[in-house]
Amino acid sequence: MKRALVDRARRLAAEGDWSEAVEVNQQIIERAAKDADAFNRLGKALFELRRYRSAYEAYQKAIEIDPANVIAQRNVSRIEPLKDTEEDGVVGTRPRSIRPGIFIEEVGKTYVDDLVNVAESTVLTELSSGDQLTLQVQRDEVLAFDQAGQYIGQFEPRLARRIIELLGLGNEYEVYVTSSTGGSARVIVRETFRHPEMGTRLSFPRQGKVAIPRAYLRDTRLFRDEPDMLLGDDEDDDADVDDADEFDAADADEEESDYVEESGTTIDEDEEEPI
């Protein structure tokens, strides 16, 4: 019975049915009061409903059960600024299902990067992995906004120039949040349409393991001493644009891994922070 409830809780989260997910995880806790994973799932569902105080308490309970629980620790720190914002009796709604495959890296078609000049922590804290962002080109900059139109951050200069060039050629892209710590936001840019004139040219070069999110200053001269792979000629890249690589678990929100089990992805809970 517990296993069936856990499977249902994960399925509800993947579908974005957070209210029902709260009820199912509470049923699990009634049967297994020391299940830290259930409290983590409950905290996630409550967070998505903007019941921040209740989410904070759920994650704290997970820590009481398992003091070394990294997911709970990170989310307690993340929600700290919002823990008193829940209004009693008021449940917010943020229906959002997680589209299968958005975190799968495809060689030449996707690129993972941390936004720079990001918004205030109060804005970033409310981001969830899987949230889709919209792009807006302003002169030589590419800005990212959430679905409510709030500014989230911008792409670092080299990647921005690359995206602007590709958009000008007729390509189309989508952007999704893979992690947000409250002080940083990591995204994956995905090619959704390739203009025929692109030929065999790749949208992005092959990318290695992405480092832990790092703080950025408001300086548009970032990476000026590094080789400019993003602006180089990748016609000779030996990557097959149809090949798909597994997206590194470190770039996906750990907590999301407990709800969505996609073919071709693995999650290492000892790796870095949330999708």
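Some observations on this one:
- The packing ranking of peptides 2-9, 36-43, 75-82, highest mean first, is 36-43, 75-82, 2-9, where packing means the average number of other beta carbon atoms within 10 angstrom of each residue.
- Taking a straight Cα-Cα cut-off under 18 Å and skipping sequence neighbours fewer than 8 places away in the same chain, the lysines within cross-link reach of Lys109 are Lys209.
- The phi-based Karplus calculation (6.51 cos²θ - 1.76 cosθ + 1.60; θ = phi - 60°) puts the 3J(HN,Hα) values of region 195-200 at 5, x, 5, 5, x, 9 Hz, whole numbers, x for Gly and Pro.
- Theoretical gain in end-to-end length, Ala33 to Val137 [0.36 nm per residue, Cα-Cα removed]: 32.4 nm
- Sorted peptide list for 153-162, 139-148, criterion being average Cβ within 10 angstrom, highest first: 153-162, 139-148
- Met1 versus Arg53: modelled label distance in nm, points set 7 Å from Cα along the beta carbon direction: 3.2 nm
- Net lengthening on full extension, Ala148/Arg206 (0.36 nm per residue, minus Cα-Cα): 17.6 nm
- Over 18 Å (Cα to Cα) - which of Lys44/Lys83; Lys34/Lys61; Lys2/Lys83 fall in this group: Lys2/Lys83
- J(HN,Hα) series, region 106-119, from Karplus relation 6.51 cos²θ - 1.76 cosθ + 1.60, nearest Hz, glycine and proline x: 10, 4, x, 10, 10, 8, 9, 7, 8, 5, 10, 6, 6, 5
- Order by protection proxy (mean Cβ within 10 Å, highest first), peptides 174-186, 191-203: 174-186, 191-203
Taken together, the values in this text are just the output of simple stated rules run on the coordinates, not laboratory data. Values in this document were obtained by computation on a predicted structure and should not be read as measured data. All Cβ positions, even for glycine, are placed from backbone atoms using ideal geometry, and neighbour counts span all protein chains on display.
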